[in-house]
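Quick one: the structure is below, questions incoming.
Any read-out appearing in this document is the output of simple, stated calculations on the displayed coordinates, not a laboratory observation. Model, not experiment: these values are computed from the prediction. Because the Cβ atoms are built from the backbone with ideal geometry, glycine has one as well, and the counts that use them run over all protein chains shown.
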Amino acid sequence: MRILILHAGGLGDLVLTAGFVERLRLQHEASHITLVCRDEYAGICELYPAPPDRIITTTVNPYAWAAPCDELAASVRPLLAKIEAEAFDLFYSAEHRATWLGPIVAARARAAGSVISNMPSAQRWFVVSMLRRLGLHAVKLRHVASQPGEHELVRYERLAGASGAGLFPKWKVSKGNADDAADVLASNGWEAGRFVACFPFGDAGTTFKRWPGERFLAVLEAAYARFALPVLALGAHDERTELDEFVSALSARGVAAATFAGTKDDIPLVGALLRASLAFIGNDTGLAHLAAAYGVPGVTIFGGGTWPAYAPWNAASVGLVAPLPCFGCYWDCAFGRGLCVEHVDVESAYAALGDVIALADDVPRTIALERGTPGERELIGLAAGRYAQAQEDRNARLTSILRLQDVLERGIRLRSARRTSTEVRLIPEAGGG
């Protein structure tokens with residue numbers, strides 16, 4: 001059984017995909033699994049307890065494109081060429097919210113069975129245009145939609161046909177990565193199990209998902225006064241300046257702290273550093289799921305964009321969330337700022353971090369913080385509803401405009417091709433009159 005999985009999501013999505021790969025192996029004996037993912041996150045796959053048999057990477061980020069075009073088609077062709085070389089029995093577009101790329105890969109894979117989840121209807125015209133540009137024909141897709149309030153791990157169970165399995169493999173750190181992590185800690189005079197990891201940034205494209213940095217500083221200052229645990233601020237290489245400024249602010253408050261800003265090649269080392277930490281606190285990013293995969297307890301600040309699809313799932317982890325009527329916005333925020341994230345207070349975060357450091361619980365839990373008066377919540381709900389309606393109308397109009405542009409471009413190309421064909425026929429043959 002040859003299985004192809006596409007996951008074009010981020011780091012945290014690929015962490016959770018490890019369990020999906022494991023489920024498919026249990027469901028299909030003697031299977032050969034190929035995983036397609038974005039190049040910048042592929043390093044996570046080598047950490048899987050049971051990795052795919054083959055990993056195909058792509059530089060295409062399908063979420064970054066608003067309209068089909070020839071440039072996009074050209075960027076997708078190298079990926080399709082890698083897929084065409086194999087024959088597949090099953091194809092899964094495994095993203096939480098599928099994009100146009102899923103049906104395109106399915107069309108090239110031509111598997112006997114193809115499954116996709118949660119593709120917005122507005123993407124369908126995008127798919128039709130891209131299929132035409134790439135010379136492909138659509139294939140039949142079985143849609144498996146997320147259920148209200150469903151966690152991604154549960155969705156993966158249903159997607160794999162292994163409902164109730166509850167499987168998530170235990171991750172380990174290789175000796176080489178553990179040694180490298182020990183060297184990083186030693187350079188700061190620290191020991192494994194005697195520091196707190198913090199990721200105060202992440203998701204630069206949607207900064208309103210971030211809890212205010214000043215609040216992280218306040219929590220870590222209080223925790224340092226109580227536990228005397230230094231702080232390792234973790235993030236991506238392009239966040240180094242922000243991380244260094246954050247660490248400088250901690251140092252000014254008397255907190256021992258250091259920075260580690262990794263590149264895509266450092267993902268295994270980042271995993272080892274997280275595994276060596278006593279606990280973590282951070283925004284809802286891929287690092288929170290990576291820490292959870294290694295069994296590290298911690299506190300994650302959540303907003304409402306995709307809640308509760310990525311809620312805490314590791315033992316002794318705590319999620320802080322302030323439910324609002326606008327939850328489920330997929331981070332298309334009506335207010336231009338994360339009110340849901342900002343409603344999480346310092347005191348609650350500090351108390352939760354103290355609990356996980358003391359290992360007060362051995363099961364994941366969510367603390368829902370009720371904020372705002374009934375009147376304020378009603379206004380938020382009304383404003384969000386009006387905004388969502390306006391966005392739906394705007395997207396429908398934009399889709400119509402882009403579809404017309406696509407038709408016009410196609411018409412111009414056909415007319416040009418016919419003119420060229422006519423001109424060729426009018427050229428007399430050599431030796432003719």
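Let's see if you can work this out: charge +1 on each Lys and Arg Cβ, -1 on each Asp and Glu Cβ, no other charges. What is the dipole magnitude of the chain about its Cα centre, in debye to the nearest 20?
1820
Here's another thing I want to ask about it. Dipole size in debye (nearest 20) for segment 2-160 around its Cα centre, Lys and Arg Cβ +1, Asp and Glu Cβ -1?
580
Determine, for Phe335, Phe201, Phe91, the number of other Cβ atoms within 10 Å of each Cβ, and report the residues in order from fewest to most.
Phe335, Phe201, Phe91
Then there is this: Starting from the exponent 0.38 and prefactor 2.2 Å, build the expected Rg for segment 175-371 from its residue count and divide its actual Cα Rg by it.
0.96
Suppose only helical runs count, i.e. DSSP H with n ≥ 4. What mean residue ellipticity at 222 nm does that imply for the chain under -39500 (n - 2.57) per run, divided by all residues and rounded to the nearest 500 deg cm²/dmol?
Computed ellipticity for the chain at 222 nm equals -14000 deg cm²/dmol.
Rounded to the nearest 0.05, what FRET efficiency is calculated for Glu29 and Lys170 with R0 set to 22 Å and r the Cβ-Cβ distance?
Once rounded, the FRET efficiency stands at 0.50.
Note the angle between two axes, namely the Cα long axis of helix 240-252 and the longest principal axis of the Cα atoms of the chain, as a number of degrees from 0 to 90, rounded to the nearest 10.
10
Given the chain, what count of lysine pairs have C-alpha atoms under 28 Å apart, with each pair 8 or more places apart or on different chains?
Taking the chain as the scope, the lysine pair count is 6.
Quick one: among Gly282, Gly43, Gly102, which has the greatest mean-square fluctuation in a GNM of the chain with alpha-carbon springs under 10 angstrom?
Its mean-square fluctuation being the largest, the pick is Gly43.
Take Arg418 and Ile401, extend 7 Å from each Cα along the Cα→Cβ direction, and tell me the distance between the two endpoints in nm.
Label-label distance for Arg418 and Ile401, simple model: 2.9 nm.
A further question on this structure: Using 0.36 nm per residue, how much length does the chain from Glu245 to Arg97 gain when fully extended, once their Cα-Cα distance is taken away?
Additional length available on full extension: 49.8 nm.
Relative contact order for segment 110-254: what is it in percent, counting Cα pairs under 8 Å that are at least 6 residues apart?
This gives 16 percent for segment 110-254.
So for each of 103-109, 26-32, 126-132 I average, over its residues, the number of other beta carbons within 10 Å; can you give me the resulting order with the highest mean first?
Taking the mean over residues of other Cβ atoms within 10 Å, the ranking is 103-109, 126-132, 26-32.
Now, a different point. Just to be sure I understand: with springs between alpha-carbon atoms less than 10 Å apart, which residue in Ser248, Ser117, Ser93 has the highest mean-square fluctuation in the Gaussian network model of the chain?
Evaluated over the chain, the most mobile residue of the options is Ser248.
Once both labels are modelled 7 Å past Cα along the beta-carbon direction, what's the Ala67-Arg337 spacing in nm?
Here the modelled spin labels are 3.3 nm apart.
Cα-based Rg (one decimal) and Dmax (whole number) for the chain, in Å?
When restricted to Cα atoms, the chain yields Rg and Dmax of 24.6, 100 Å.
Taking +1 at the Cβ of each Lys and Arg and -1 at the Cβ of each Asp and Glu, which of Ala261, Ala8, Leu131 sits farthest along the dipole of the chain towards its positive end, judged by Cα position relative to the Cα centre?
It is Leu131.
Roughly how many debye, to the nearest 20, is the charge dipole of segment 18-79 about its Cα centre, given +1 on each Lys and Arg Cβ, -1 on each Asp and Glu Cβ, and no other charges?
140
Could I ask something else about it? Going by amide H atoms built from the backbone, whose H comes under 5 Å of the H on Val36, apart from near neighbours?
Ile5, Leu6, His7, Ile56
Give me the angle, in degrees from 0 to 90, between the Cα long axis of helix 124-134 and the longest principal axis of the Cα atoms of the chain, rounded to the nearest 10.
Approximately 60 degrees, to the nearest 10.
For Arg110 and Ala225 in one chain, what is 0.36 nm times their gap in residues minus the Cα-Cα distance, to one decimal in nm?
35.4 nm is the gain from fully extending Arg110 to Ala225.
What is the gain in length, in nm to one decimal, between Arg377 and Lys82 on full extension, counting 0.36 nm per residue of separation less the C-alpha to C-alpha distance?
Additional length available on full extension: 101.1 nm.
For segment 32-89, which GluC sites (Glu not before Pro) are both in a DSSP coil and crowded by at most 15 other Cβ atoms within 10 Å?
Glu86
Can you give me the convex hull volume of the Cα atoms of segment 2-160, divided per residue and expressed in Å³?
Looking at segment 2-160, the number lands at 106 Å³ per residue.
Could you tell me how many degrees, from 0 to 90 and to the nearest 10, lie between the Cα long axis of helix 267-276 and the main elongation axis, the longest principal axis, of the Cα atoms of the chain?
20
Compute a Gaussian network model of the chain, connecting alpha carbons closer than 10 Å, and tell me which residue from Thr259, Thr99, Thr241 fluctuates the most.
Thr241
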